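Below: the structure, in structure tokens.
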Number of protein chains: 2
Amino acid sequence: MHEASSDYLVEPDPHDPLLTRRVEGVDHEQQQVTTSVVVERPLTIFLNSQEIVTAMTIGDYPDMLAIGFLLNQNMLLPTDRITGVDHDDDLDVVVVRTERSTDYEQRLRRQVRTSGCAQGTVFGDLIDTLDEVTLPGDAVLRTSWIYSLTRRINTTPSLYLEAGAIHGCVLCREDRPLVYMEDVGRHNAIDKIAGYMFVNGIDAADKIFYTTGRLTSEMVIKTVRMGIPILVSRSGFTAWGVELARQTGLTLVGRARGKRFIALSGEHRIVYDADPARAEVDVPRRNTRRA
Amino acid sequence: MHEASSDYLVEPDPHDPLLTRRVEGVDHEQQQVTTSVVVERPLTIFLNSQEIVTAMTIGDYPDMLAIGFLLNQNMLLPTDRITGVDHDDDLDVVVVRTERSTDYEQRLRRQVRTSGCAQGTVFGDLIDTLDEVTLPGDAVLRTSWIYSLTRRINTTPSLYLEAGAIHGCVLCREDRPLVYMEDVGRHNAIDKIAGYMFVNGIDAADKIFYTTGRLTSEMVIKTVRMGIPILVSRSGFTAWGVELARQTGLTLVGRARGKRFIALSGEHRIVYDADPARAEVDVPRRNTRRA
């Protein structure tokens, strides 16, 4: 089953007692049952002296989440030097300190509530920043990688398989998942990966981003801002997500379940090297859950 | 298949050309395909003279969304008299006017980013308001209703079945779905129903709320604030959602797929009147999609 773990730099820890709770309930046959549910706890993110946002998160990798959120909000710049990250897990506060002094009072006045859940996103500003990004044209997505990645990701022990009600985002290279983050909000999971890539100086040009969540405008904006040329999801699309992907040349593959998928942008990067009829695929994740 | 429509006061309109777009793409067999994707467009909500939030929404029922959002944020009070709702679909703006003058400048300074995606939620404040709510103790949830409701909802023509990537929320009474709203964010779908209930003076005490989304703290808070005693989902739970449901006496039923479900709060309202072995259930919604 669990064939991919050797490649992982970061993988889920479904047995971390801080991330799930066992609760008693009753099932459809009126039997008493005990089941696992994921936690969600507030984490207040400060940039230097300013409170930016309080995120609801499962609570792992608070430093990566804070850095990635600030990067994806364009509040922390790729050129910024981080002088420190302090996490107080009693106060549920994380403070990111930078050399450059920052002030986002004005920005925070306006809020945009996206379908992808980014709070406090100054959406227009973010879309403007996409013009500065040029995604690598020579990146490739082999269909055999799609099948291999989804099979490996779906069979990796995860909080999703343990407790459900959680999103996963996975940074991949070719057919290998490398960084697998989960969170109650997929915006948190992608932000944690953005933070991890920034802190560890990971190149985005040869990466594939996999998400369990829908391909909304927000997911496309974040993936493009991170410089990743290929975004794959087992979920569906929104029209604006497709539009932004086409404008930015992002390869957008959705509804990737079993042998099936649909590409609605950047099809030129796809190399059909697998025969779907013969491809070894995983049963859809939904059906394997808690099976 | 479509057995429930006669009961609907509001049901999805999967053929509304404003809600989906046809896009060209290529599938797993390298065939050119045309598929439907849901739209997401910004809607800026004003309360009187003040800009409150910009929501990403599919765009139907903007007046219900605005009213329901303001109610669920505790910015509009049940006692408030709405003197007008103006929607400008060129500017994507909706203005809700009230007799009482309002000012939420201070509130909007702090933001909470919830796993359920409510922007600008002053989360602490909302949780405080739950103490004022007492859910009716005599409400009942028959297990035969759970099976009937999920079957009816899953077989109702919807944007989900047409295009996927969308959440549905359904206000139900006994075994009958009454108000079925969809949106790219489930927080929008529940807000539209809150707005509809307020405008039409619909009693919450004998209702059941069904959502396709996860049972997070935000969904529990909104359901309780709306005065609905029973919340059912085909998706899973978060620990805080369960905790808040237990504190407020909400009946919380999740993972309702096929014959299976788990109740983690308010089990006393459940009446086991159906034999799961004989219950006529729908195939899981995921598998029926675009089939």
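Observations on the structure shown:
- Threshold 30 Å², the range B:147-188 residues less accessible with all protein chains present than alone (1.4 Å probe): B:ALA165, B:VAL184, B:HIS187
- Residues of the protein assembly as shown: accessible area per residue with a 1.4 Å probe, Å²: 36
- Taking the DSSP bridge list for chain A and keeping only pairs wholly inside it, about 70 percent are antiparallel.
- Placed amide H near A:LEU215: partners under 5 Å, 5+ positions off or other chain: A:GLY236, A:PHE237, A:THR238
- Distance from the range B:61-76 to the range B:210-281 (C-alpha centre basis), Å: 24
- Interface size A-B, as summed buried accessible area [1.4 Å probe, Å², nearest 100]: 6000
- The overall shape of the range B:169-228, judged from the alpha-carbon gyration tensor, is rounded, with an a/c ratio under 1.5.
- Percentage relative contact order, chain B, counting C-alpha pairs under 8 Å, at least six apart: 19
- Charged-residue dipole, Cβ positions (Lys, Arg, Asp, Glu), the range B:1-95 about Cα centre, Debye nearest 20: 260
- Shielded by partner chains, the range A:24-57 residues - at least 50 Å² of accessible area, 1.4 Å probe, vs chain alone: A:VAL26, A:HIS28, A:VAL37, A:GLU40, A:THR54, A:MET56
- Accessible surface of the range B:1-103, 1.4 Å probe: 47 percent of it comes from carbon and sulfur atoms.
- Each residue was assigned an accessible area with a 1.4 Å probe, and for B:ARG22 the value is about 140 Å².
- Computed [θ] at 222 nm, helices only, for chain B once each DSSP H run of length n ≥ 4 contributes -39500 (n - 2.57): -7500 deg cm²/dmol
- Candidates B:GLY164, B:GLY236, B:GLY25: whichever shows maximal mean-square fluctuation once chain B is modelled as a Gaussian network with Cα springs under 10 Å: B:GLY25
- The range B:172-277 - percent relative contact order, Cα under 8 Å, separation 6 or more: 19
- In order along the range A:233-242, the phi-based Karplus estimate (6.51 cos²θ - 1.76 cosθ + 1.60, θ = phi - 60°) of 3J(HN,Hα) comes to 9, 7, 9, x, 10, 10, 4, 6, x, 5 Hz; Gly and Pro are listed as x.
- 29 Å Cα-Cα threshold exceeded, pairs from B:LYS222/B:LYS259; A:LYS259/B:LYS222; A:LYS192/B:LYS192; A:LYS259/B:LYS259; A:LYS207/B:LYS259: A:LYS259/B:LYS222; A:LYS192/B:LYS192; A:LYS207/B:LYS259
The values are calculated or read from the model by the stated rules, or taken from the named source; none is laboratory data. Note that the structure is a prediction, hence the values are computed from the model and not measured. Heads up, the Cβs are rebuilt from the backbone with ideal geometry, glycines too, and the neighbour counts pull from every protein chain shown. Heavy atoms of the whole protein, side chains included, go into the accessibility calculation; ligands, DNA and RNA do not. Shrake-Rupley method; radii C 1.70, N 1.55, O 1.52, S 1.80 Å.
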